[in-house]
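Scroll down for the structure; my scribbles are underneath it.
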């Protein structure tokens, strides 16, 4: 049984070690720099989205004011194109916006935020607002390193600090001849070793949790409103920290020298943190090759050219598909005016996109298959498990962004259906209709949560290490 004096002595010896204290200070400095960098990045994202939302509101307010002035006879317009009540005006001057709200715990991970935008402009004429972003990497493991954030410090650098603090807990005592002396004291050798490892583990873990709470509060994250997320964060950190301490303990029990133990533990760090993710990523590329994005883009252009060559017949198919879009108003069929020309132009864009959708959907399905394959095999590395869990808690994972893009496409399609019916029938927009245009809302519930699965997998790792440590301790902790 541990005693107060034994624990107190171990703590004194631990904190008198300048190397250990230096490593802990280094960890705090890295966490501070990471949080500061992530906060700057997050603020820039918020400002970009806020400026775009402000632009949409300003354009809508201007349009409403112009319609009101027109209705009261205070303004006149030379052409139907410039009329504020015209769908043509709404098509080109008043775009919508789909945006991904910044999650409260985004401070812990930039994640895929440096690859994806947090907003999409939704316009009526075709652009990539209707597509998945063409700039994103097709696999979440394509970028092992990104900008410095807390997740990078915890997943990649924290294990190194843990290994440096615990690689020679037992071997140094054996090499200096103190192990026999310690065994002669009224304390079981296994208890003493567990005590030394436990003190290091609790010191590091408590340091991380306390300082993380401080950083979250300092950068304005509401802790009381997100206690569940905070609890999941600390559970992941607890299990991940325990994994590396148990691995270090296991290597210590093998009876190797300090130098050999350090080499083995460093190799384990390279294996779990770099080698496994690289192999999984490479296999994903080989087993699920992604079609050329250029071919997808060229296919859409080909479909658009086909529309121009057979536009009359294709437009008739369009009206059969949407009979409520057909209009008897001669203005809509007259290509010499802006309304008729705009209807034909939007019709070509819409028809080309319909014919292109099968190819675009196939591209996205292959991307999803690859990401799903990677997701299934991340269980091979605790580093991948924890990284995925943390970016999920931060709301910056590939899952979040791809769900956002899918929801943006759905919103764009719904908005287009709403407005096209009125544009194609030369509808006169009112102030109330402009104010009630469909708005985008991101649905977080559509993003699959994996915390329970991640928790159980890490527990399996820890349980396996505990069994191995127990078996080895029966043989190693005996003084010959």
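The values are calculated or read from the model by the stated rules, or taken from the named source; none is laboratory data. As the structure is a computational prediction, the values presented were derived from the model and not from experiment. When we count neighbours, we look across all protein chains shown, and the Cβ atoms used for this are built from the backbone with ideal geometry, even at glycine.
Among the candidates 27, 13, 63, the residue that is at pLDDT 85 or above, under 17 Å from residue 200 (Cα atoms) and part of a helix (DSSP H, G or I) is uniquely 27.
Only one residue in 422, 402 is surrounded by 13 or more Cβ atoms within 10 Å (Cβ to Cβ) and either more than 26 Å from the chain's Cα centre (by Cα) or modelled with pLDDT of 90 or more (or both), so which one is that? Steps first, answer last, please.
Values: 402 fails: either more than 26 Å from the chain's Cα centre (by Cα) or modelled with pLDDT of 90 or more (or both).
It is 422.
The set of residues in the range 335-351 that are over 41 Å from the mean Cα position of the chain (by Cα) and more than 14 Å from residue 423 (Cα to Cα) comprises 335, 336. For the range 46-61, the criterion of being surrounded by 13 or more Cβ atoms within 10 Å (Cβ to Cβ) and farther than 27 Å from residue 122 by Cα is met by none of the residues.
Please work out if residue 245 is at pLDDT 90 or above, part of a helix (DSSP H, G or I), over 20 Å from the mean Cα position of the chain (by Cα) and buried (at least 19 other Cβ atoms within 10 Å of the Cβ). So residue 245 fits the description; yes. Residue pairs whose Cβ atoms lie under 7 Å apart, sitting 6 or more positions apart in sequence or on different chains, and linking a residue in the range 160-185 that is within 21 Å of residue 20 (Cα to Cα) to a partner that is at pLDDT 75 or above and assigned to a loop (DSSP other than H, G, I, E, B), are 171/256; 171/257; 175/257. For residue 107, the conditions (1) within 11 Å of the chain's Cα centre (by Cα); (2) modelled with pLDDT of 85 or more are fulfilled apart from (1). The residues on offer are 206, 265, 227, 202, and the sole one that is part of a helix (DSSP H, G or I) and touching a helix residue (DSSP H, G or I) at 6+ places or on another chain (Cβ under 8 Å) is 265.
For the range 309-337, filtering for residues that are touching a residue at least 24 places away in the same chain (Cβ under 8 Å) and within 25 Å of residue 414 (Cα to Cα) leaves 12.
Considering each of 274, 234, 238, 219 in turn, give the residue that is over 21 Å from residue 170 (Cβ atoms), out of contact with any helix residue (DSSP H, G or I) (no Cβ under 7 Å at 6 or more places or on another chain) and touching a residue at least 24 places away in the same chain (Cβ under 8 Å). Give the derivation first.
Numbers: 234 fails: out of contact with any helix residue (DSSP H, G or I) (no Cβ under 7 Å at 6 or more places or on another chain); 238 fails: out of contact with any helix residue (DSSP H, G or I) (no Cβ under 7 Å at 6 or more places or on another chain); 219 fails: out of contact with any helix residue (DSSP H, G or I) (no Cβ under 7 Å at 6 or more places or on another chain).
Matching residue, one of 274, 234, 238, 219: 274.
Taken over the range 87-98, the criterion of being surrounded by fewer than 22 Cβ atoms within 10 Å (Cβ to Cβ) and either in a strand (DSSP E or B) or without any contact (Cβ under 8 Å) to a residue 24 or more places away in the chain (or both) is satisfied by 97 alone.
One residue alone among 397, 388 is crowded, with 21+ Cβ neighbours inside 10 Å and modelled with pLDDT under 90, and that residue is 397. For the range 369-376, state whether one or more residues are within 30 Å of residue 85 (Cα to Cα) and surrounded by 13 or more Cβ atoms within 10 Å (Cβ to Cβ). No: zero hits.
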